[in-house]
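Participant: Before anything else, here's the structure in question.
The values are calculated or read from the model by the stated rules, or taken from the named source; none is laboratory data. Being a predicted model, the structure only gives us computed values, none of them experimental. Here the Cβ positions follow ideal geometry from the backbone for every residue, glycine too, while neighbour counts run over all protein chains shown. Heads up: the accessible areas ignore ligands, DNA and RNA and are worked out on the full protein's heavy atoms, side chains in. Shrake-Rupley method; radii C 1.70, N 1.55, O 1.52, S 1.80 Å.
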Amino acid sequence: MTSLAIKTENLTKVYRGGRGTKALDNLNLEVPVNQIYGFLGPNAAGKTTTIKLLLNLIAPTSGRAWVLGKEVSETDVRKDLGFLPENPYFYEDLSAEEFLDFFGKIFHIPRRDRVNKVEQLLTLVGLTEERKQILRRFSRGMLQRIGIAQALINDPKLIFLDEPITGLDPMGRKEIRNIISKVRAEGKTIFFCSHVLHDVELMCDHIGILCEGRLITTGKLDELLATKEVEISAEGLRGEALAKLEGRVKKLRKEENRIIFDVEEEALADEVVGLIKHYGGKRLSIVPKKESLEDFFLKAIGREEYKPDERREK
Amino acid sequence: MAKINRKKLAILILVCLVILLVPCSLTIDKVRVAANLSERGALGFNNLMADVLWVETIQYMGEAKKITDEIATTIYQKIERITDLDPHFIMAYRLAGLTLSNKRPELSIRILSKGLENNPGASWEIPFYAGVISYFRLEDYRGAVRYLEAATTHPECPDFIKRFLARATTEVGSYKDALLLWEGIYEETESPTERGIAARHLIRLCSQIMEISTDRNLVAKAKAILRKISE
Amino acid sequence: MNIWTIGVNSFKRLMRSKILYVMAVFCLITIAYASLYGTLTAGQEGKLMKDVGLAGIAAFSILVAILVGSTVVAKEIESKTIQILLAKPVKKHEFLLGEFLAAALTILMMTAIMGVGFLIIVAIKGIATAALVNGVVLVFFEAILLASIAIFFSTFFSGMVASVFTFIIFVFGHLTYQLPFLVQRAGNVVVKFFGNLLYFALPNLQYFNIRGPVAHNLNVPGSMIFAVIVYGLLYSSIMILASALVFKSKDFA
């Protein structure tokens, strides 16, 4: 179990006054260490609820959860955790430096180390210039960065980031992504909640997809998205040949004077290529096909179209 | 397991503290009664309210050139309210006692005895004024003696009251005594308003003496007092 | 340790809100204004200044207590900063005690500023007495008590609602002295029981008001002042302990 950063067993949460709907329904999750784990799902899927349960901010209705091998209710375990909440609001009367220093004190970091740590974190998130500025004057992106710095003050082994990228401009997103990859390079485990699939695809090793409180699928991103399909394009084929080939491939479509074949399995690809040659056609390319995370996600949650801001009916 | 026990312990401590609150509360109640720290409303701002009314009343009295029956009654009601809010407001009783003595001596006595009741032994002026008013205005000599005796028990009571008390027990009042008493008030008081009231009484008294008295010494005294006041 | 860190941090942030200083300045202006009353008060400006000064300190201290008490915890819940803090190795009761400490420090600061200012003005007029300090000290403890009640309410209500409820308790707390009298008159046993229950359950805030006797230089027994301070601390402890129990099983969603 020590090689698992997070483990949950039938973790369930029903909010009081929530008309009995399960915000989280028998979640069984295993997150290995030293990974960036992307936790996906539409809004109100239970992602934030999961994080709060793992941080003991809310009590589970039933089930158990462990982080870093210890039960989540143990206060001590949070010495090794970091947390950036969604839409963070911070002590706006404090300066960036004071803000980080305060959390350093919470972890009982001795004064000298604290000063160094704050300096190091401000450098990491690129806020050394704004150290004396009061947080009220910070932009969203800056707040998000100081929020990450705050989550790192104790050199955590496991970091929870709830929608760290949502609502930022492309520049801001890139900055946050860079910071996250730097942190990851230090060998920390990152549990990352998002509904921005593009960023997840760029960063995560593992993903889990949550929908309406239930974990639909989880696994390594590469493995989940890998398919055996191959895409072959060719030209110079006539009607008779096409009729023959159509029976062998999964899908066939015409693009100007090219023909594109989707082939179900790699083994079949050779045969198709042979047939193309046989009918006097010219093979242009063979590409192994990879599913996009978006397609995979939509298939997983059983929707035609993905709208991140769609709210579940209550 | 340890967690449940901690919660139980917390509830136990809570219950103990709540139980402790009762004897603590009762002790304070007892001490407060013993120390005559009476309860007043106004959400703890009774004194402030009394002050506001006081300033209002002073202004009202200043604007009234002559104290009529009606004005006297109004002043009485205002002072009642003030002393309900602040029962230790000695000056309010004193001033009301003097102001009302001419028109409504019975109200004057009522407010002064309220002051005496709420502040036993706190001031010699209150019983002294009550004594003087009983003696001269209401001609209640027994009552006067009782009040004056109360005044003389106060350590700061001036001697002229003691001398007056000695005679008041044997004979009925005269101009001489009245002059002596109002002069005493005029000299003793530190309050300009009281001083003004005493001065007015003295002026009227002196002019009466100069008109009708045959006692040369008394007339000379009255003249001297008038001179002193006009300075 | 964490309690102190959290308390000082919240105190520091509270001290940066200018509204508190504005209130203290208003209070001092009120006291100074009272000294202008001299000509109007038939030689009673000494008493008047003491009354107005003590009442001003009481009013502003209580206002600060209700304001700070009802926001110090509620604001962290509403703005969700509490989630960041509790995601760290901080226990819920440490957070609560820290915030109470911050409220207490703030009230101490404000009452002290106003109290010292008042004593200076009174000393200049030559009418200062040691008893005035006692009056101010009890105002401080009344404010602490109200802050603890505000914190208790803010563990289940929003800051706004908590402040309204605390104000209601403040009003009733100054009226409980009428209860024994009313209970005596009530024939019904049930009414009597609940009357007595209410008398001991509600804070008797009139205990803390020795401002009248103090302004009149009357003797207030030291034993009573001590007992009232014990009462205040006892009541505040109950409120904070009860808040901690509520907090323990509270979800911070």
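Residue by residue, here is whether (1) touching a residue at least 12 places away in the same chain (Cβ under 8 Å); (2) open to solvent by less than 40 Å² (accessible area, probe 1.4 Å); (3) away from chain B (no Cβ under 12 Å); (4) not in a helix (DSSP H, G or I) holds:
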residue	(1), (2), (3), (4)
C:Val122	yes, yes, yes, no
C:Ala128	no, no, yes, yes
C:Ala131	yes, yes, yes, no
C:Leu138	yes, yes, no, no
C:Ile149	yes, yes, yes, no
C:Val161	no, no, yes, no
C:Phe165	yes, no, yes, no
C:Pro203	yes, yes, no, yes
C:Ser223	no, no, no, no
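Participant: Could you list, in sequence order, the residues of the stretch C:72-100 that are touching a Ser or Thr at 6+ places or on another chain (Cβ under 8 Å) and more than 11 Å from chain A (Cβ to nearest Cβ)?
Facilitator: Correct list: C:Val72, C:Val73, C:Ala74, C:Ile77, C:Leu96, C:Glu99, C:Phe100.
Participant: Scan the stretch A:263-280 residue by residue and report those that are surrounded by 15 or more Cβ atoms within 10 Å (Cβ to Cβ) and within 33 Å of the chain's Cα centre (by Cα).
Facilitator: A:Val263, A:Glu264
Participant: For the stretch B:57-79, does any single residue satisfy the condition of being hydroxyl-bearing (Ser, Thr, Tyr), within 20 Å of C:Ile210 (Cα to Cα) and in a helix (DSSP H, G or I)? Let's see the steps before the verdict.
Facilitator: Applying the first criterion (hydroxyl-bearing (Ser, Thr, Tyr)) to the stretch B:57-79 yields B:57, B:60, B:68, B:73-74, B:76.
Going one step further and asking which of them are within 20 Å of C:Ile210 (Cα to Cα), we end up with none.
There is no residue in the stretch B:57-79 that is hydroxyl-bearing (Ser, Thr, Tyr), within 20 Å of C:Ile210 (Cα to Cα) and in a helix (DSSP H, G or I).
Participant: Return a yes/no flag: does the stretch A:96-111 have any residue that is in contact with a Cys (Cβ under 8 Å, 6 or more places away or on another chain) and within 12 Å of chain C (Cβ to nearest Cβ).
Facilitator: Within the stretch A:96-111, none of the residues are in contact with a Cys (Cβ under 8 Å, 6 or more places away or on another chain) and within 12 Å of chain C (Cβ to nearest Cβ).
Participant: While we're here: Of the residues B:Ile111, B:Ile197, which is in the same structural domain as B:Asp84 (by TED's automatic domain parsing), assigned to a helix (DSSP H, G or I) and in contact with a helix residue (DSSP H, G or I) (Cβ under 6 Å, 6 or more places away or on another chain)?
Facilitator: B:Ile111 is the lone residue from the list that is in the same structural domain as B:Asp84 (by TED's automatic domain parsing), assigned to a helix (DSSP H, G or I) and in contact with a helix residue (DSSP H, G or I) (Cβ under 6 Å, 6 or more places away or on another chain).
Participant: Which condition does A:Arg258 not pass, out of (1) of a type in the set (D, E, K, R); (2) over 30 Å from A:Gly38 (Cβ atoms); (3) modelled with pLDDT under 80, if it passes all the others?
Facilitator: (3)
Participant: Looking at this structure, is B:Ile90 among the aliphatic types (A, V, I, L, M) and in the same structural domain as B:Leu53 (by TED's automatic domain parsing)?
Facilitator: Yes: the conditions hold for B:Ile90.
Participant: What number of residues within the stretch C:72-92 are out of contact with any Leu (no Cβ under 9 Å at 6 or more places or on another chain) and either on the phi > 0 side of the Ramachandran plot or open to solvent by 20 Å² or more (accessible area, probe 1.4 Å) (or both)?
Facilitator: Of the stretch C:72-92, the ones out of contact with any Leu (no Cβ under 9 Å at 6 or more places or on another chain) are C:74-75, C:77-81, C:85, C:90-91.
Checking which are either on the phi > 0 side of the Ramachandran plot or open to solvent by 20 Å² or more (accessible area, probe 1.4 Å) (or both) leaves us with C:75, C:77-80, C:91.
Number of matching residues: 6.
Participant: Just to be sure, is A:Leu225 more than 28 Å from C:Lys80 (Cβ to Cβ), touching a Leu at 6+ places or on another chain (Cβ under 7 Å) and open to solvent by less than 50 Å² (accessible area, probe 1.4 Å)? Can you show your working first?
Facilitator: Details: more than 28 Å from C:Lys80 (Cβ to Cβ): yes; touching a Leu at 6+ places or on another chain (Cβ under 7 Å): yes; open to solvent by less than 50 Å² (accessible area, probe 1.4 Å): yes.
Against the criterion (more than 28 Å from C:Lys80 (Cβ to Cβ), touching a Leu at 6+ places or on another chain (Cβ under 7 Å) and open to solvent by less than 50 Å² (accessible area, probe 1.4 Å)), A:Leu225 qualifies.
Participant: Here is a follow-up. For the stretch C:62-113, which residues satisfy the criterion of being in a helix (DSSP H, G or I) and among the charged types (D, E, K, R)?
Facilitator: Once the filter is applied, which keeps residues that are in a helix (DSSP H, G or I) and among the charged types (D, E, K, R), the stretch C:62-113 yields C:Lys75, C:Glu76, C:Glu78, C:Lys92, C:Glu94, C:Glu99.
Participant: State all residues of the stretch B:62-119 that are within 20 Å of B:Phe45 (Cβ to Cβ), without any contact (Cβ under 8 Å) to a residue 60 or more places away in the chain and either in contact with a strand residue (DSSP E or B) (Cβ under 6 Å, 6 or more places away or on another chain) or open to solvent by less than 30 Å² (accessible area, probe 1.4 Å) (or both); if no residue qualifies, say none.
Facilitator: Result: B:Ile79, B:Ile82, B:Thr83, B:Asp86, B:Pro87, B:His88, B:Phe89, B:Ala92.
Participant: Residue check: is A:Phe90 more than 23 Å from the chain's Cα centre (by Cα) and in contact (Cβ under 8 Å) with a residue 60 or more places away in the chain?
Facilitator: yes
Participant: Does A:Val14 satisfy being within 25 Å of A:Asp205 (Cα to Cα) and of a type outside the set (Ser, Thr, Tyr)?
Facilitator: Spelling it out, it is not the case that A:Val14 is within 25 Å of A:Asp205 (Cα to Cα) and of a type outside the set (Ser, Thr, Tyr).
Participant: OK, next. Which condition breaks for C:Lys50 when tested against (1) basic (Lys, Arg); (2) within 21 Å of the chain's Cα centre (by Cα); (3) modelled with pLDDT of 90 or more?
Facilitator: (3)
Participant: Inspect the stretch C:235-249 for any residue being at pLDDT below 85 and either under 21 Å from the mean Cα position of the chain (by Cα) or outside any helix (DSSP H, G or I) (or both) and give the result as yes or no.
Facilitator: The answer is yes; a qualifying residue exists.
Participant: Say whether the condition of being farther than 27 Å from C:Leu63 by Cα and within 8 Å of another protein chain (Cβ to nearest Cβ) is met by at least one residue in the stretch B:73-82.
Facilitator: no
Participant: Which one of these does B:Pro192 not meet: (1) under 19 Å from B:Ala96 (Cα atoms); (2) modelled with pLDDT of 80 or more; (3) not aliphatic (A, V, I, L, M)?
Facilitator: For B:Pro192, the failing item is (2).
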